[in-house]
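What follows is a single structure, written as structure tokens, with notes after it.
None of the figures in this text is laboratory data; all of them are computed from the coordinates on show. All figures in this text were calculated on a predicted structure; none of them were measured in a lab. So basically every Cβ, Gly included, is an ideal-geometry build from the backbone, and we count neighbours across all protein chains shown.
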Amino acid sequence: MLPQPVMIIGTYNNDGTPNAMNAAWGGQWDAKEIMISMGAHATTENLARCEEFTVAFATKNTMVASDFVGIVSAKNDPEKMQKTGWTATKAEHVNAPVFTDFPMTMECRILRKIDESEEGYYIVAEIVNILVDEAYLAEDGKPDMEKMQLITYAPIHHGYVELGKRVGNAFADGKKLK
């Protein structure tokens with residue numbers, strides 16, 4: 001599926017320290033729900049203890065550290081989060097960290113796990129709250145994706161691509177063919 005979001009999943013480790021992992025296999029499940037394919041990670045263990053987490057969307061500016069948290073496990077590198085340089089605060093509505101270096105973060109709570117095994121599982125989660133830095137709001141007060149410089153994972157060549165400019169209007173431009 002293209003494009004694939006670059007989602008940074010925020011949880012707390014057993015000792016209460018913030019942790020993050022990079023996930024690309026996920027998306028919208030319903031109007032207020034998301035789905036993410038989880039493997040066997042430190043984050044998966046964290047979610048077994050507390051089913052609340054955050055999802056931030058990686059940007060051009062956070063790309064290097066976002067890739068890093070996808071290739072380095074907190075199980076193997078206790079300095080993982082310090083190396084990113086990210087600042088973490090506690091989320092408002094869930095027990096999970098918010099990394100303030102990202103323009104937009106969703107606070108989420110797991111509703112159900114699907115096909116749970118030793119290799120991981122799929123989660124369906126409720127979006128409890130959405131935080132957006134005011135610098136990334138459009139004139140109408142809603143999030144402006146173009147300002148955020150969001151990136152997508154390009155699985156064919158294992159790269160990251162910055163999302164571009166708006167090219168049309170959904171539920172409107174197609175009416176030209178009626």
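Determine whether residue 98 is within 14 Å of the chain's Cα centre (by Cα) and assigned to a helix (DSSP H, G or I).
No.
Would you be able to tell me the number of residues in segment 130-178 that are of a type in the set (S, T, N, Q) and surrounded by 14 or more Cβ atoms within 10 Å (Cβ to Cβ)? Give the steps one after another, and end with the answer.
Initially, segment 130-178 is screened for residues of a type in the set (S, T, N, Q), giving 149, 152, 169.
Retained after the next criterion (residues that are surrounded by 14 or more Cβ atoms within 10 Å (Cβ to Cβ)): 149, 152.
Qualifying residue count, segment 130-178: 2.
Given (1) over 15 Å from the mean Cα position of the chain (by Cα); (2) touching a residue at least 12 places away in the same chain (Cβ under 8 Å); (3) in a helix (DSSP H, G or I), identify the lone condition not met by residue 82.
(2) is the only condition that residue 82 fails.
Out of segment 5-32, which residues are in a strand (DSSP E or B) and surrounded by fewer than 16 Cβ atoms within 10 Å (Cβ to Cβ)?
27, 28, 30, listed by residue number.
Checking residue 105 against (1) under 17 Å from the mean Cα position of the chain (by Cα); (2) not in a strand (DSSP E or B), which test does it fail?
Every condition holds for residue 105 apart from (2).
Name, by its number, the condition in (1) of a type in the set (Phe, Trp, Tyr); (2) assigned to a helix (DSSP H, G or I); (3) more than 20 Å from the chain's Cα centre (by Cα) that does not hold for residue 68.
(3)
So, of the residues in segment 85-108 that are hydroxyl-bearing (Ser, Thr, Tyr) and without any contact (Cβ under 8 Å) to a residue 40 or more places away in the chain, which turns out to be surrounded by the most Cβ atoms within 10 Å (Cβ to Cβ)?
In the first step, residues of segment 85-108 are kept if they are hydroxyl-bearing (Ser, Thr, Tyr); the result is 87, 89, 100, 105.
Narrowing the set further to residues that are without any contact (Cβ under 8 Å) to a residue 40 or more places away in the chain leaves 87, 89, 100.
Working: 87: 11, 89: 11, 100: 14.
So the residue we want is 100.
Looking at segment 142-166, which of its residues are out of contact with any Asp or Glu (no Cβ under 9 Å at 6 or more places or on another chain), within 27 Å of residue 130 (Cβ to Cβ) and not in a helix (DSSP H, G or I)?
The answer is 142, 143, 144, 153, 154, 155, 161, 162.
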